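Okay, structure first, notes after.
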Amino acid sequence: MQTFDLSLIWAGIIGFGVIMYVLMDGFDLGLGILFPFAPDEDSRDVMMNSVAPIWDGNETWLVLGGAGLLGAFPLVYSVFLPALYIGVFLMLAGLIFRGVAFEFRFKSKRNRHWWNRAFCWGSAVATFAQGAVVGTYIQGFETEGFVYVGGALDWLTPFTVLTGLGMMAGYSLLGATWLILKSEGHVQDWAYRIAPRLLAAVLVVFAIISVWTPFIDGGVRERWFGEVSLIWLLPILAMACAYGIHRWVKLRREGMPFVATLSMFVFTYLGLIASKWPVIVPPDHTIWDAASAPESQLFLLLGVLFVIPIVLTYTAWSYWVFRGKVRAGEGYH
């Protein structure tokens, strides 16, 4: 198999891993961001118990995507890590801190309010850092070859702050629609109330980023406005999903708002890929420029193709076993 084909396969695997992580870990990060605004402590118990059996397994996809990127496109790390090491460190620190708070909150009685804050701030920091990293990828890096020559804080700009806040709003919307699906009573009523506000915030940020991005990257401007193409279907479909969220929340449907929010994330993510493809290191390094040796890619591919079906099966089984509503006073801890 040629390097060209292997690189495409690996790009697909890594992209799949990233979107699976965003979809499956996004809603429990969103619940953490919403934690301080919950009506009461019983509501917070329901929020945490709704993800308790599955939250740690969701992060498997982050590990898969990161490890696959290192193995298949190692030269990416020579730019990404120097450029984003503060943002990546904040993301990992937030995830670790959130995980610790998640477990200790169930055990603590006297200091539970501190673990509530830790869970919220860990989720918020990790989410903001993820959004800022995405924004940095959109705006590009200052490079010479595959060497980063910019500063340690070049990733932190008004644009990346906006994408970080947008990611927080998006994950919060995922968390709210997940809670609609998994809760009932006053907790579900609260989730129904906040979902339209979060959707409005997401759409405002989406609109600003859509207008701003073509001024940052001439390649993106040419890709979208140079000629009419099928990629315009992606934002149209994303907007259709947003309308579906609004309508189904108003009709108090339980499952469809969450499905529509997931779909909106997928179409937005595909739009980002379509804007940059096949560039993996902005401004102009493609996946083939950064690819490892064909032998290395093939060796790793055999292992990954064995692991992915197992992870998918385990994930599907976990969600099936723990399906249904979560009620106050019930849980898995």
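The values are calculated or read from the model by the stated rules, or taken from the named source; none is laboratory data. Note that the coordinates shown come from a computational prediction; the quantities given were computed from them, not determined experimentally. Positions of Cβ are backbone-derived with ideal geometry, glycine not excepted, and every protein chain shown enters the neighbour counts. Accessible surface is based on the protein model in full, side chains and every heavy atom, while ligands, DNA and RNA are left aside. Shrake-Rupley method; radii C 1.70, N 1.55, O 1.52, S 1.80 Å.
The figures follow:
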item	result
Matching option when the condition is free of Cβ contacts under 8 Å to residues at least 24 places away in the same chain and either over 20 Å from residue 264 (Cα atoms) or open to solvent by less than 30 Å² (accessible area, probe 1.4 Å) (or both), among 152, 132, 101	101
From the options 140, 164, residue that is of a type in the set (Gly, Ala, Ser) and open to solvent by less than 10 Å² (accessible area, probe 1.4 Å)	164
Region 26-41, residues that are part of a helix (DSSP H, G or I) and more than 20 Å from residue 323 (Cα to Cα)	32, 33, 34, 35, 36, 37, 41
Residues satisfying the stated conditions in region 65-94, i.e. modelled with pLDDT under 85, surrounded by fewer than 16 Cβ atoms within 10 Å (Cβ to Cβ) and among the small types (Gly, Ala, Ser)	67
Near pairs, Cβ below 7 angstrom, 6+ apart or cross-chain, from region 15-27 (under 16 Å from residue 260 (Cβ atoms)) to any residue that is among the hydrophobic types (A, V, I, L, M, F, W, C) and open to solvent by less than 20 Å² (accessible area, probe 1.4 Å)	26/174; 27/174; 27/178
Any hit, region 176-198, residues being open to solvent by 20 Å² or more (accessible area, probe 1.4 Å) and on the phi > 0 side of the Ramachandran plot	yes
Search result, residues across region 153-190 that are part of a helix (DSSP H, G or I), farther than 15 Å from residue 248 by Cβ and β-branched (Val, Ile, Thr)	160, 161, 163, 187
Segments classed as helices (runs of 4 or more DSSP H), wholly inside region 191-303, with at least 3 members that are under 22 Å from the mean Cα position of the chain (by Cα)	233-250, 256-276
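Table: residues versus (1) within 26 Å of residue 192 (Cβ to Cβ); (2) in contact with a helix residue (DSSP H, G or I) (Cβ under 7 Å, 6 or more places away or on another chain); (3) assigned to a loop (DSSP other than H, G, I, E, B).
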{"site": "18", "(1), (2), (3)": "no, yes, no"}
{"site": "24", "(1), (2), (3)": "yes, yes, no"}
{"site": "44", "(1), (2), (3)": "yes, yes, no"}
{"site": "65", "(1), (2), (3)": "no, yes, no"}
{"site": "71", "(1), (2), (3)": "no, yes, no"}
{"site": "92", "(1), (2), (3)": "no, no, no"}
{"site": "100", "(1), (2), (3)": "no, no, no"}
